[in-house]
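The values are calculated or read from the model by the stated rules, or taken from the named source; none is laboratory data. Remember, it's a predicted structure, so these values are computed and weren't measured experimentally. Quick reminder, even Gly has a Cβ in these numbers, built from the backbone with ideal geometry, and neighbours come from all protein chains shown.
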Amino acid sequence: MWGSLASLCLSLASWLLLLLVLGLLVAFLVFCAYVKYMHMKYDHIPGPPRDSFLFGHTYSLKKALDNLKVTHDLYLRWTEEYGPVVRLNFMHNVMLIVTSPEAVKEYMMSSKYPKDPDAYNRLFYIFGKRFMGKGLVTDPDHEHWYKQRRIMDPAFSNTYLREMVGVFNERAECLMERLAEKADGKQQVGLHSIINCVTMDVITKVAFGMELGLTEGNKSNFPNAVALALEGMIKYIQNPFMQYMPQHRAYVRSVEECAVLLRNTGRECIEQRKRAKLNGEELPKDILTKILECADEQNGLDDEVMLDNFVTFFVAGQETTANQLSFTMMELTRQPEITQRLRAEIDEVIGFKRDLSYDDITNLTYMTQVLKESLRLYPPAPGTSRYIKDDAVIEGIKIPGGVPLMFDHYVMCRMEKFFPDPYKFDPERFSPSAPKPYYCYFPFALGPRSCLGQVFSQLEARVVLSKLLQRFEFSLVPGQSYEVMDTGTLRPRDGVVCTLTVRPEAS
């Protein structure tokens with residue numbers, strides 16, 4: 001009897017296993033049919049041959065990243081070969097790289113087209129831990145985003161930013177003092193690393209009233225946390241299943257810890273500021289205070305969303321400015337004529353005074369041109385996306401609705417038809433008398449979703465760059481390259497390691 005029962009159970013288990021296998025096989029075949037349907041729907045759009053039926057172009061992009069290449073260089077090559085609308089496949093997903101100025105104008109200048117919800121919703125979490133959530137950069141819901149933007153706008157007004165110049169000066173002076181100790185022409189200084197400390201000190205103090213003291217050499221987990229979280233963000237977008245693979249467990253855990261550190265620190269800052277406000281204490285005049293005041297006027301913001309923006313400001317407000325300044329210094333080491341002209345302008349407008357005023361900074365016309373040219377050739381944030389729900393026509397090509405459009409600033413700014421001799425570093429492209437680029441230059445995006453902190457960023461960049469060129473001469477250490485590394489944002493691959501000497505005029 002017991003033998004018969006065991007045999008029956010074994011038979012049932014075999015049937016259930018067979019049904020499970022058949023079910024999985026049917027599901028796989030249905031999924032393959034859907035992938036084929038998506039191919040048929042979009043294959044009239046030009047694009048490179050797929051690496052495989054199922055995974056599309058995933059291998060080509062992974063290979064580029066594994067070889068420390070910039071994926072946007074691959075996009076540039078494909079754009080030059082296949083035209084202004086290029087189709088890419090990733091399993092059942094399709095993305096279109098669009099390099100049409102008219103399309104940039106149409107889709108980026110209008111609020112009708114949201115950011116790609118699939119891509120930006122992936123940034124809500126990193127490996128299951130909330131990261132950028134629904135902050136200003138990642139929120140694809142226009143109405144929700146607009147409420148946040150309206151609340152945040154006053155914190156970045158010109159009047160308010162004028163008051164921030166003092167912090168820019170203070171942090172930049174700390175950097176100058178630290179560099180002066182190393183300016184013997186022999187010690188090697190990683191400019192990207194040390195500039196990263198300055199921009200992080202600035203954003204933490206100006207935005208949240210935190211004193212990290214990184215520029216003076218204090219130790220903190222924040223720089224590594226931001227860098228690792230950014231790297232993890234890109235890896236998660238590329239392969240969200242990493243978290244389930246044993247070989248990646250340690251890495252995933254370290255990225256999760258970074259996300260938790262950033263959000264816990266933000267939560268503590270917000271709670272402390274709220275308590276201080278309730279107790280009637282005098283509040284610092286920083287962006288967090290302004291956000292809380294404006295949030296009260298607009299019936300408040302959810303605390304988790306405020307934490308989303310805390311993380312967003314850390315990533316966008318610190319990393320991108322540091323990368324821009326590092327790229328600029330890297331390029332200036334091989335541009336002696338441009339460097340000389342920059343120094344001449346600094347000497348004329350500022351001289352050797354230590355406290356730069358808002359008016360001093362805004363009168364640095366040629367420096368503005370140099371920084372714009374740096375953003376053209378080396379954009380820390382290389383592109384953005386928009387989602388089109390309905391059918392459209394771009395450059396004569398019918399585009400079925402339900403697809404994201406990738407507008408790649410890096411690609412468009414390296415195309416000969418938009419910028420003649422595109423690899424030449426030429427600030428004259430942005431002289432007041434030069435024609436304005438027609439919807440092919442957007443380092444801070446365009447339209448209603450343009451970057452809220454772009455004025456803040458460029459004020460800070462001008463203060464730091466002015467003081468660096470005012471005081472020091474720089475030489476790139478032999479063996480350093482001018483290569484770009486893609487870690488979510490673009491940064492100099494080798495860290496811009498230099499030797500420094502004090503300018504004779506500044507001694």
Going through the range 442-461 in order, the residues found to be surrounded by fewer than 22 Cβ atoms within 10 Å (Cβ to Cβ) and aromatic (Phe, Trp, Tyr) are Phe444
If we ask which residues in the range 125-134 are crowded, with 17+ Cβ neighbours inside 10 Å and in a loop (DSSP other than H, G, I, E, B), their number turns out to be 5
Consider Arg77 carefully, then state whether it is in a helix (DSSP H, G or I), closer than 15 Å to Asp408 by Cβ and either of a type in the set (S, T, N, Q) or modelled with pLDDT of 80 or more (or both). yes
Residue in the range 90-124 that is nearest to the chain's Cα centre (by Cα), counting only those that are part of a loop (DSSP other than H, G, I, E, B) and under 30 Å from Tyr244 (Cα atoms): Leu123
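Every residue, every condition in (1) at positive phi; (2) surrounded by fewer than 15 Cβ atoms within 10 Å (Cβ to Cβ), yes or no:
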| site | (1), (2) |
| --- | --- |
| Thr199 | no, no |
| Gly209 | yes, no |
| Phe222 | no, no |
| Gln243 | no, no |
| Asn264 | no, yes |
| Arg275 | no, yes |
| Leu278 | no, yes |
| Glu281 | no, yes |
Within the range 56-89, considering residues that are among the aromatic types (Phe, Trp, Tyr) and surrounded by fewer than 18 Cβ atoms within 10 Å (Cβ to Cβ), the one nearest to the chain's Cα centre (by Cα): Tyr59
So, first residue farther than 15 Å from Gly317 by Cβ in the range 430-453, second residue among the hydroxyl-bearing types (Ser, Thr, Tyr) and part of a loop (DSSP other than H, G, I, E, B), Cβ within less than 6 Å, six or more apart or across chains; the pairs are Pro448/Ser111
Right, Glu143: surrounded by fewer than 16 Cβ atoms within 10 Å (Cβ to Cβ) and of a type in the set (D, E, K, R) or not? yes
Just need a number here: residues in the range 37-54 that are part of a helix (DSSP H, G or I) and in contact (Cβ under 8 Å) with a residue 12 or more places away in the chain. 4
Can you confirm whether the range 291-308 contains a residue that is under 23 Å from Ile195 (Cα atoms) and touching a helix residue (DSSP H, G or I) at 6+ places or on another chain (Cβ under 7 Å)? no
Failed item, numbered, when Val463 is tested on (1) modelled with pLDDT of 90 or more; (2) within 30 Å of Tyr146 (Cβ to Cβ): (2)
Matching residues, the range 462-485, being under 16 Å from the mean Cα position of the chain (by Cα) and either surrounded by 21 or more Cβ atoms within 10 Å (Cβ to Cβ) or within 20 Å of Gln369 (Cβ to Cβ) (or both): Val484
Restricting the range 342-361 to residues that are surrounded by fewer than 16 Cβ atoms within 10 Å (Cβ to Cβ) and free of Cβ contacts under 8 Å to residues at least 60 places away in the same chain, which is nearest to Leu476 (Cα to Cα)? Ala344
With the condition being within 28 Å of the chain's Cα centre (by Cα), I'd like the strands (runs of 3 or more DSSP E) fully within the range 339-447 carrying at least 2 qualifying residues. 383-388, 403-408
Ala381 fails exactly one of (1) closer than 30 Å to Asn93 by Cβ; (2) of a type outside the set (Val, Ile, Thr); (3) without any contact (Cβ under 8 Å) to a residue 40 or more places away in the chain, namely (3)
For the range 204-234, which positions are hydrophobic (A, V, I, L, M, F, W, C) and either under 26 Å from Thr333 (Cβ atoms) or touching an Asp or Glu at 6+ places or on another chain (Cβ under 7 Å) (or both)? Val206, Ala207, Phe208, Leu212, Leu214, Val226, Ala227, Leu230
Residue that is nearest to Asp303 (Cα to Cα), among those in the range 97-113 that are surrounded by fewer than 19 Cβ atoms within 10 Å (Cβ to Cβ) and in contact (Cβ under 8 Å) with a residue 12 or more places away in the chain: Ser111
If the requirement is being at pLDDT 95 or above and basic (Lys, Arg), which of these qualifies: Arg354, Arg386, Arg334, Arg414? Arg414
